[in-house]
Ligand code: UD2
């Protein structure tokens, strides 16, 4: 009799422990913070021993191996993530990168009348672009006196570099490759960890953060994310080094935003610059200038991360079902009025 009672008490005790563990695992958000902290600290110990870092004490939703966004592709056939709203948890990813003391160099070019876009670009970047992280803007212009005085936050830097004026907007756009290549070679090695090159006729409207960082990062062009590849405006003339044969190509990437590690972006810019020089020697200019060369490069050097058109939209007033948040967008401009030539 006593033996039977003791057995039942032991059984009830183990039952309660088991229920407690199941509750802890399925109701992380409703758990008391101190309990969660202990659990995560224990996990953190395990991760540390495998050389990984985990946010100690951070409470966040349990990741699911089954449930994700189903209305968009969030991975490419070569297993690079495609970043969309709903595919990452900003609290988790911020806390991982916070431990790494990184600097993100960001280049922007504003020559001729394009200096008028700088104020909005810089002010909105202060509000949305890598907020809480060290960002160093490198601004290239032929009119340093036109650079607006935008108050930058802590750990946000701006270096203005003067360039000679150019007569063709195509030359301005294409010259960015060589200027970036030299900037990385000569100045950035000990200054930054990642780099992005962004068009200036743009504005930030939502978070653009560390979820965008990767070894080699391309942004899917907002006009071509939902069309078949025969409509992509690749360079199809075999004479150009940017040539992509019909029936080939993965995505159409924008030239308005790309980035990655210094080493990878250096290789990209150097290759594009070399290819454009060969084109010039052969008296051909690719259809969409450096953007055509960028697309050729990404076809044979696959980006390790892709950003969805949330990271470069066409016009803030246009919406699309899949694009749930517009983070960065082109601003409307009258090309004939702002460009030095047509
Ligand atoms: C597309 C690309 C752009 C580039 C270009 C090449 C998109 C959305 N944009 O833009 O990135 O690849 O095609 O043909 O895919 N700039 C000046 N002053 C000028 C002209 C240009 O500073 O007078 C700079 C400025 O940073 C501008 C960039 O060059 O943002 C690209 O020029 P654009 O925006 O006029 O080119 P667009 O809109 O055809």
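All of the numbers you see were taken from the coordinates with simple rules; none came from a lab. It should be emphasised that the depicted structure is a prediction, and the values quoted were computed from it without experimental measurement. Using ideal geometry, Cβ is built from the backbone for each residue, glycine included, and neighbour counts are taken over all protein chains shown.
Spin-label pair residue 113-residue 215: with each label point 7 Å from Cα along the Cα-Cβ axis, the two points sit 4.3 nm from one another.
Using a Förster radius of 41 Å, what is the FRET efficiency between residue 158 and residue 287 based on their Cβ-Cβ separation? Nearest 0.05, please. Show your work: numbers first, answer last.
Details: r = 34 Å, r/R0 = 0.82.
The pair residue 158/residue 287 has a calculated efficiency of 0.75.
Using only the C-alpha atoms, the convex hull of the stretch 190-342 corresponds to 135 Å³ per residue.
When the label point is put 7 Å from the Cα of residue 301 along its Cα-to-beta-carbon vector, which residues of the stretch 204-246 have a backbone N closer than 17 Å? Backbone N within reach: 214-219, 241-244.
Taking packing as the residue-averaged number of other Cβ atoms within 10 angstrom, the listed peptides 184-190, 122-128 run from highest to lowest as 122-128, 184-190.
Compute the Cα gyration tensor for the stretch 288-342, then decide on rounded, prolate or oblate, letting a ≥ b ≥ c be the square roots of its eigenvalues: rounded whenever a/c is under 1.5, prolate when a/b is larger than b/c in the other cases, and oblate in all that remain. Show your work: numbers first, answer last.
Details: a/c = 3.33, a/b = 1.08, b/c = 3.08.
Judged from the Cα gyration tensor, the stretch 288-342 comes out oblate (a/c at least 1.5, b/c at or above a/b).
In the stretch 64-182, Rg over Rh equals 1.06, where Rg is the alpha-carbon radius of gyration and Rh the Kirkwood radius from pairwise Cα distances.
Given their separation in residues at 0.36 nm each and the Cα-Cα distance between them, residue 59 and residue 93 gain 11.0 nm when the chain is fully extended. Mind checking Rg over Rh on the stretch 96-144, alpha carbons, Kirkwood formula for Rh? My calculation puts Rg/Rh at 1.06. Taking 7 Å steps out from each Cα toward its Cβ at residue 318 and residue 338 produces label points 1.5 nm apart. Round to a whole angstrom and tell me the spacing of the C-alpha centers of the stretch 107-143 and the stretch 167-232. Between the Cα centre of the stretch 107-143 and that of the stretch 167-232, the gap is 13 Å. Between residue 230 and residue 146, the contour length at 0.36 nm per residue exceeds the Cα-Cα span by 26.0 nm.
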